[in-house]
1. Here is a list of conditions, (1) among the hydrophobic types (A, V, I, L, M, F, W, C); (2) farther than 23 Å from THR137 by Cα; (3) over 17 Å from the mean Cα position of the chain (by Cα), and PHE80 meets all of them except one; can you say which number that is?
2. Kindly list, by first and then second residue, each pair from a residue in the range 7-31 that is closer than 14 Å to ALA97 by Cα to a residue that is assigned to a helix (DSSP H, G or I) and of a type in the set (D, E, K, R), limited to pairs with Cβ atoms under 8 Å and residues at least 6 apart or on different chains.
3. For the range 56-65: of the residues being out of contact with any Asp or Glu (no Cβ under 8 Å at 6 or more places or on another chain) and within 16 Å of ILE133 (Cα to Cα), which is surrounded by the fewest Cβ atoms within 10 Å (Cβ to Cβ)?
4. Just checking, how many residues over the range 11-36 are in a helix (DSSP H, G or I) and more than 16 Å from the chain's Cα centre (by Cα)?
5. Just checking, does the range 107-117 include any residue being within 16 Å of ALA49 (Cβ to Cβ), β-branched (Val, Ile, Thr) and at pLDDT 95 or above?
6. For the range 38-54, how many residues meet the condition of being within 28 Å of SER126 (Cα to Cα) and either touching a strand residue (DSSP E or B) at 6+ places or on another chain (Cβ under 8 Å) or surrounded by 16 or more Cβ atoms within 10 Å (Cβ to Cβ) (or both)?
7. Of all residues in the range 46-57, which are part of a strand (DSSP E or B) and more than 13 Å from SER36 (Cα to Cα)?
Amino acid sequence: MKTISLDIRYEEYSSIEEMEHRDQALVREAIEAQKSSYAPYSKFNVGAAVRLEDGTFVRGSNQENAAYPSGLCAERTAMFAASAAHPGVPMEAIAIAGGFGHQVAKTPCSPCGACRQVMAEYQTLSGKPLSVIMFGTQRIWRFSKVDDILPFIFDSFNEK
């Protein structure tokens, strides 16, 4: 038996102004996407935005439904829309902003496990890291790759 440790690195910012301009733009897209959230049950509004390798932004917001679990998270809405509208164009970053009453919370909004797995699959398909930005008004986390938020990615592609 041996004990193995995991090292997860990420950047933490105290304001959006500290970030690179292209990441600032992506976060602003996620904040704007939050406005279209339909969350009458949880009251928790989430917006996400994906930046594609060609510079295109694609937005998504959480969409709830009375026939739970028929709704969909903002992250998957954005990623699926990006993949459908821009097939074959790799995703290079995703930003997430969430909170109650269409307001962004002070602390970062973290994606659920299903969204993390979808991020992981798109990262694997592109063969390039997909950075993940979790935005809060007082703290922002930026992870350089999905592996840092989902360390043991389910990856059946490599099992042949």
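1. Unmet condition: (3).
2. Close Cβ pairs satisfying both conditions: ILE16/ARG28; GLN24/GLU17.
3. Just the residues of the range 56-65 that are out of contact with any Asp or Glu (no Cβ under 8 Å at 6 or more places or on another chain), to begin with: 56, 58, 61-65.
Okay, now just the ones that are also within 16 Å of ILE133 (Cα to Cα), so 58, 61.
Values: VAL58: 24, SER61: 27.
Only one residue fits best here, namely VAL58.
4. Of the residues in the range 11-36, the ones in a helix (DSSP H, G or I) are 16-18, 21-34.
Filter once more, so that each one left must be more than 16 Å from the chain's Cα centre (by Cα): 16-18, 21.
The total comes to 4.
5. no
6. Restricting attention to the range 38-54, the residues satisfying the condition of being within 28 Å of SER126 (Cα to Cα) are 46-54.
Adding the requirement that they be either touching a strand residue (DSSP E or B) at 6+ places or on another chain (Cβ under 8 Å) or surrounded by 16 or more Cβ atoms within 10 Å (Cβ to Cβ) (or both) leaves 46-53.
Within the range 38-54, residues that are within 28 Å of SER126 (Cα to Cα) and either touching a strand residue (DSSP E or B) at 6+ places or on another chain (Cβ under 8 Å) or surrounded by 16 or more Cβ atoms within 10 Å (Cβ to Cβ) (or both) number 8.
7. Residues of the range 46-57 part of a strand (DSSP E or B): 46-52, 57.
Residues satisfying the conditions are VAL50, ARG51, LEU52, PHE57.
The values are calculated or read from the model by the stated rules, or taken from the named source; none is laboratory data. If you're wondering where the values come from, they're calculated on a predicted model, not measured in any experiment. Glycine gets a Cβ as well: all are built from the backbone with ideal geometry, and neighbour counts include every protein chain shown.
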